[in-house]
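> Here's a structure for you.
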Amino acid sequence: MTTRINKVVERVGGIILGKELQIRLAVACLLARGHLLIEDIPGVGKTTLAHALAASVGLSFQRVQFTSDLLPADILGVSIYNRDSGTFQFHPGPIFTQVVLADEVNRATPKAQSALLEAMEEHQVTIDGETRRLPQPFFVIATQNPSYQVGTFPLPESQLDRFLMRIQLGYPGADAERALLQGQDRRDLLQKLGACLRGEDLTELQQEAQQVHVASALLDYVQAIVRHTRASAEYANGLSPRAALALLHAARAWALMESRKHVVPEDVQAVLGGVVGHRLIPTGDGARINGSDIAQHLIKQVPIP
Amino acid sequence: MTQTLASRHTFWLTASLALVAAPHVQRLPWWLNLLVATLFGWRLYLARTRLPLPSRGIVMFVVTGATAGVYLHYETLFGRDAGVALLVIMLTLKLLEMRTARDAMLLIFLGYFLVITNFLYSQTIPTALYMLVCVWIITACMVGIHYTRAPRTIHLLRTAGVLLAQSVPLMLLMFLLFPRIQGPLWRMPADSQRSSTGLSDTMSPGSMTNLSLSEAVAFRVSFKADTPANRQLYWRGPVLWNFDGRTWRAPRADYGEPRYDTHFYPVEYTVTVEPHGKSWLFALDLPGRLPPRSIATSDFQILSAVPVTTRQRYDMTSFLDYTYGADESAATLQRALQLPPGFNPRTAELARELRRKHGSDQAVMQAVLNMFGHDGFSYTMSPPLLGEHSVDEFLFDAKKGFCEHYSSAFAVLMRAAGIPARIVTGYMGGEVNPIGQYLIVREADAHAWTEVWLRGEGWVRVDPTAAVSPARVERGISAAMAGENVLPLFIRGDFPVLRELRLGFDSVANNWNQWVLGYTPERQRALLTRAGLDDATWRSLALLLLAGTAMTAMLLAVLTLRRLRVRVRDPVRRAYLAFCSKLGSRGLAREDAEGPFSYADRVSRARPDLETPVQRFIRLYVDLRYGQEADLQHVSRLQQLAREFKP
């Protein structure tokens, strides 16, 4: 089964060149039943990554382009009066799908943002007093521009926390960029990209990820990391218990991808950048914005017990 | 160290300095006490309200005023008393300049210094205990200043206590080895003016009685062998020759070589005399040798070369059975017959009558003693006041008196009857402390007796008090005065528990005196000789001290560092750490934050030859530590791999 996951990574890697680590993190996020936030400047392949990921795992896919005039109903759906039947009929919005790509989520108003985020948290939406379940598995990939870009409504910390991981793509390396420039159009490649997993397979893998063993020695390590962020003056806030849980889930998924039955400290270290990058706000002038920089610094400071 | 101080630091520091300075209150002039108290209060008020500290000008003004005041009061700025007064006032003013933690540290060290000044006045156990508490609290203050967040007071006290406990070995080392200086370090001019206690070189009715009210210890004695019987314990002090009708006085000392014959082997003992401000050193009748730096007079007083202003310890031998002075010169005997004319006519009449009735001197003596024993005389600590003819009034009217009355009346009668006589004052008896086996002689044991000169026998001790109250001589003052509630509470025998307690305390105090305060250069040398270090010089002592200090510090450091080492109980983890440290000694130390697989990969890259054993070990380790395996066999296999691993 894990070979199939690696096939997914391989396939997506064929489209997004030179970003294997980010792709693996994205897949781990999917396996851990978390939602993914991709943050970077426009044009580095955020949307392509989301597309490729959805296509290769064989899930239904919808895309919502967030704009400043987007309304919650544009995401969730709306009930329209049907003159033939004489009743209101619900027209589901783009959120009723397995993979939602919320493109440029921080360009929408907080009202529209929160409609999406509530759905992410509850796995259900309530419209006109009626609660509707969302399809399973439900996976949101949101992309956002860095907050210093013009025309953004930065997501508040409480909502950032709902994303299991945040990854940053960054510019491709010189070789990867050359291959990209020489290669085919990415859109064509996406069209040809077949699914190598079925929806049921994914659910099974998600369950398997939850079964990965976590020893108490590993919990010691996770707790040491959390404790360090809380005691240290380098961060505005320490990691919350929810963040600690997220770290554990992500590490489990990573261990599964590494074909291990138990989590080792390296798994925690591997996912740390994705999990804590958007949760820790460094204090001071030379603040490390980059998630992996924060993680590398944190890893060095916490000895493995 | 430049951070400003929290008000709780100021409060604690002020309080602890007040605690240290408190014993000086009794010695400083009242206006200084008032000033210091006001300044303490002012500082606390400023700390509480966070108002700015007073300007330099105000402080300088108070400094000038206080210095002038000290000078006017003591008429000097030097010496112990004026020095302490200045130190206290300056320290208090420094509090008003305390802004940063650095100032506070300075004050803390001044506080330690102030602790020492208290020992210039008193070196007793209570003072030492009190100062120990002070040092403890000051140290806690110092610990507290180094915390940025306020820890609990109990935590500070515990840390300070641990610090003090750690300093105990060093303290002992310094006590034993620090080069000693002969005599007290702090002999100051003020000492000579200190009022003296105890016996004096005069005796008038009532003077002994006053002494009997004091429970102060005069000296302590430890005998080499058994303590002699109470009736033999006559501790010789000033000898009084000159009588003016009311008061007996000692003549100018006549230093001569007294001759004596002894009939018995001597008793050997050690006397530790409390400071009394006079020159007398006490010994049993008759002293057989002289303590160092002392001389004897022809009437067997032992005089120290310098007044006894510090506790002194000397070895003595005495002959309890003796004759001396049979060949006393006529001039001396004439001095022992002097009586002032016109005083005590009735006594003179009685003496003439006795002389007529009895032939020999011995018979006259015995007649007087019989009179004391049978003619209604009584021994009391509250005798009636006597007028001009004190001996007449005592012998014929009052018939009540204390030892000075009996000895004085006896000597006057003897002199009037033509028998040379003189008064000897000193102490009689003492109390054996069963805890510690030594004799305590108190001021209350002060006594006066007489010596008469008999032809062919020389000077013979006659104690007229024995005739009226045999108990005084046989069993001591507390037995003789059992009925009267005049004696100090602690001396009376009617509270056995109190007595026990008092003797226990005295024993502790005696040990303190002997071993702590009495640790003189001689004792230090004796101790070092016994440790095999003959001829210890300043230099060798200093070297020894340095070496000992270094060793103690090292030992403490090792103990402290051992505590820092984390003890690992988990055998799997211990095997892993052993494995890592083996690699570490080959320059491949694991970083703290390096996971097992990353570490194994790094080692394999650096030392491809080790790849197989390292990977095998790491796999097993990860399975045991992070996996679900809990097989003891695997654990011992891991331990074995760690043991056999030879990088």
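Nothing in this text is a laboratory measurement; each read-out follows from the coordinates by a stated rule. Because the structure is predicted, anything quoted here is derived from the model rather than measured. Cβ: placed from backbone, ideal geometry, glycine included. Neighbour counts: every protein chain shown.
> Which ³J(HN,Hα) values, rounded to whole Hz and listed in residue order, are derived for the range B:322-333 from phi using the Karplus coefficients 6.51, -1.76 and 1.60 in 6.51 cos²θ - 1.76 cosθ + 1.60 with θ = phi - 60°, glycine and proline given as x?
7, 9, 7, x, 5, 9, 4, 6, 4, 5, 5, 5
> Per residue of the range A:175-181, in order, report the coupling 6.51 cos²θ - 1.76 cosθ + 1.60 (Karplus, θ = phi - 60°) as ³J(HN,Hα) in whole Hz, putting x for Gly and Pro.
5, 4, 5, 4, 5, 5, 5
> Taking other Cβ within 10 Å of each residue's Cβ, how do A:Lys261, A:Lys46 sort, fewest first? Each step should come with its number before you reach the end.
Values: A:Lys261 14, A:Lys46 26.
Placing the least packed residue first, the sequence is A:Lys261, A:Lys46.
> How much net charge surrounds B:Gly387 when only other residues with a Cβ under 14 Å from its Cβ are counted (Lys, Arg +1; Asp, Glu -1)? Could you put the intermediate results ahead of the total?
Values: positive: B:Arg246, B:Arg346; negative: B:Glu388, B:Asp392, B:Glu393, B:Asp397.
Residues close to B:Gly387 contribute a combined charge of -2.
> While we're here: Would you mind calculating the relative contact order of chain B from Cα pairs under 8 angstrom and at least 6 residues apart, reporting the percent as a whole number? All intermediate terms of the calculation are to be shown ahead of the outcome.
Details: 914 pairs, mean separation 79.1, N = 647.
About 12 percent, as a whole number.
> Taking amide hydrogens as modeled 1.01 Å from N in the peptide plane, which residues meet the under 5 Å criterion relative to B:Ala283, leaving out close sequence neighbours?
B:Arg236
> Further question: Among B:Asp321, A:Asp267, B:Asp463, which comes first, then next, by fewest other beta-carbon atoms within 10 Å? Mind showing how you got there, number by number?
Numbers: B:Asp321 13, A:Asp267 29, B:Asp463 22.
Fewest-to-most Cβ neighbours within 10 Å comes out as B:Asp321, B:Asp463, A:Asp267.
> Could I ask something else about it? For helix B:521-530, report the angle its Cα long axis makes with the longest principal axis of the Cα atoms of chain B; keep it between 0 and 90° and round to the nearest 10°.
Helix B:521-530 sits roughly 60 degrees off the main axis of chain B.
> Tell me, B:Tyr406, B:Tyr621, B:Tyr112 in order of fewest to most beta-carbon neighbours within 10 Å? Kindly include the intermediate steps, with their values, before the conclusion.
Details: B:Tyr406 27, B:Tyr621 22, B:Tyr112 15.
Fewest-to-most Cβ neighbours within 10 Å comes out as B:Tyr112, B:Tyr621, B:Tyr406.
> Then there is this: Can you find, among B:Ala305, B:Asn433, B:Leu454, the residue farthest towards the positive end of the dipole of the range B:202-486? Put +1 on the C-beta of Lys and Arg, -1 on that of Asp and Glu.
B:Ala305
> Just name one of A:Leu190, A:Val105, A:Phe153: the one whose Cα is farthest towards the positive end of the charge dipole of chain A (beta-carbon charges, Lys/Arg +1, Asp/Glu -1).
Going by the Cα projections, it comes out as A:Leu190.
> Can I ask one more? Treating the Cα atoms of the range B:303-386 as identical point scatterers in vacuum, please give the log10 of the normalised Debye intensity I(q)/I(0) at q = 0.12, 0.18, 0.23, 0.25 Å⁻¹, two decimals.
Results for the range B:303-386 at q = 0.12, 0.18, 0.23, 0.25 Å⁻¹ read -0.76, -1.12, -1.23, -1.28.
> In degrees, nearest 10, range 0 to 90: what is the angle between the Cα axis of helix B:596-606 and the longest Cα principal axis of chain B?
For B:596-606 against chain B, the angle is about 70 degrees.
> Report, in debye and to the nearest 20, how large the dipole of chain B comes out about its Cα centre when Lys and Arg carry +1 and Asp and Glu carry -1 on their Cβ. Walk me through the numbers on the way to the answer.
Details: 70 positive and 54 negative charges, 761 e Å.
Magnitude of the dipole: close to 3660 debye.
> If I take the Cα coordinates of the range B:516-573 and project them onto the principal axes, what are the three extents in Å, biggest first?
That gives 61, 23, 18 Å along the principal axes, largest extent first.
> With bins 5 Å wide starting at 0, give me the P(r) of the range A:2-200 over every alpha carbon pair, in whole percents.
For the range A:2-200, the binned pair fractions read 1, 7, 15, 19, 19, 15, 11, 6, 3, 2, 1, 0, 0 percent.
> Show me, bin by bin at 5 Å from 0, the whole-percent P(r) of the range B:496-647 based on Cα pairs.
With 5 Å bins starting at 0, P(r) equals 2, 7, 11, 11, 9, 7, 6, 5, 5, 5, 6, 7, 8, 8, 3, 1, 0, 0.
> Right, here's the next one. Which ³J(HN,Hα) values in Hz, rounded to whole numbers, follow from the phi angles of the range B:82-94 under the Karplus curve 6.51 cos²θ - 1.76 cosθ + 1.60, where θ = phi - 60° and Gly and Pro get x?
Residue by residue, the range B:82-94 yields 5, x, 5, 4, 5, 4, 4, 6, 5, 5, 5, 5, 4 Hz.
> Treating the beta-carbon of each Lys and Arg as +1 and of each Asp and Glu as -1, no other charges, what is the dipole magnitude of the protein assembly as shown about its Cα centre, to the nearest 20 debye? Walk me through the numbers before you get to the answer.
Details: 99 positive and 85 negative charges, 298 e Å.
Here the protein assembly as shown has a charge dipole of around 1440 debye.
> Regarding the range A:136-234, what are the three Cα extents along the principal axes, ordered largest first, in Å?
Principal-axis extents of the range A:136-234 (Cα, largest first): 49, 41, 30 Å.
> Can I ask one more? Taking the Cα centre of chain A as origin, sum charge times position over the Cβ atoms of Lys and Arg (+1) and Asp and Glu (-1), and report the length of that vector in debye to the nearest 20. Intermediate values should be presented prior to the final figure.
Numbers: 29 positive and 31 negative charges, 75 e Å.
The calculated dipole for chain A is roughly 360 debye.
> For the range B:570-644, what D do you get in µm² per second when you plug the Kirkwood radius from alpha-carbon pairs into Stokes-Einstein at 37 °C and 0.692 mPa s? Let's see the in-between values first.
Values: Rh = 12.3 Å.
The Stokes-Einstein estimate is 266 µm²/s.
> Do you know the relative contact order of the range B:570-644, to the nearest whole percent, from alpha carbon pairs under 8 angstrom that are 6+ apart? It would help to have the intermediate numbers written out before the result.
Working: 49 pairs, mean separation 29.3, N = 75.
Once normalised by length, the contact order is 39 percent.
> Which percent, nearest 5, of DSSP beta bridges in the protein assembly as shown are antiparallel?
75
> For B:Ala326, what residues show an amide H to amide H distance below 5 Å, using hydrogens built from the backbone and excluding near sequence neighbours?
B:Trp459
> Name the long-range amide H neighbours of B:His447: under 5 Å, sequence gap of 5 or more, or other chain; modelled H, no Pro or chain starts.
Those lying under 5 Å, H to H, from B:His447 are B:Gly426, B:Tyr427, B:Met428.
> Pop out the Kirkwood hydrodynamic radius of chain B from its pairwise C-alpha distances, inverse of mean 1/r, in Å to one decimal. Don't jump to the answer; show the numbers that get you there.
Numbers: mean 1/r = 0.0318 Å⁻¹.
It works out to 31.4 Å.
> Above 37 Å lies some portion of the pair distances; for the protein assembly as shown, what is it as a whole percent of all C-alpha pairs?
On the way: 312829 of 452676 pairs.
Across the protein assembly as shown, Cα pairs with separations above 37 Å total 69 percent.
> Apply the Kirkwood formula to the range A:1-91: the hydrodynamic radius equals the inverse of the mean of 1/r over all pairs of different alpha-carbon atoms; give it in Å with one decimal.
Working: mean 1/r = 0.0636 Å⁻¹.
The answer is 15.7 Å.
> Here's a follow-up. If a/c stays under 1.5 just call it rounded; otherwise compare a/b with b/c (prolate if a/b is bigger, oblate if not). Do that for the range B:7-146, with a ≥ b ≥ c from the square roots of the Cα gyration tensor eigenvalues. Before the final figure, lay out each step's value.
Working: a/c = 1.99, a/b = 1.07, b/c = 1.86.
Oblate, because a/c is 1.5 or more while a/b does not exceed b/c.
> What do you get for Rg/Rh of the range B:202-486 when both radii come from the Cα atoms and Rh is the Kirkwood radius?
Working: Rg = 18.2 Å, Rh = 19.2 Å.
Result for the range B:202-486 is an Rg/Rh of 0.95.
> On to the next question. What are the principal axis extents of the Cα atoms in the range B:398-449, in Å, biggest first?
Result, largest extent first: 48, 26, 12 Å.
> Considering the options B:Thr159, B:Phe119, B:Asn370, tell which one lies farthest towards the positive end of the dipole of chain B, charges being +1 on Lys and Arg and -1 on Asp and Glu at the Cβ, about the Cα centre.
It is B:Thr159, whose Cα lies furthest towards the positive end.
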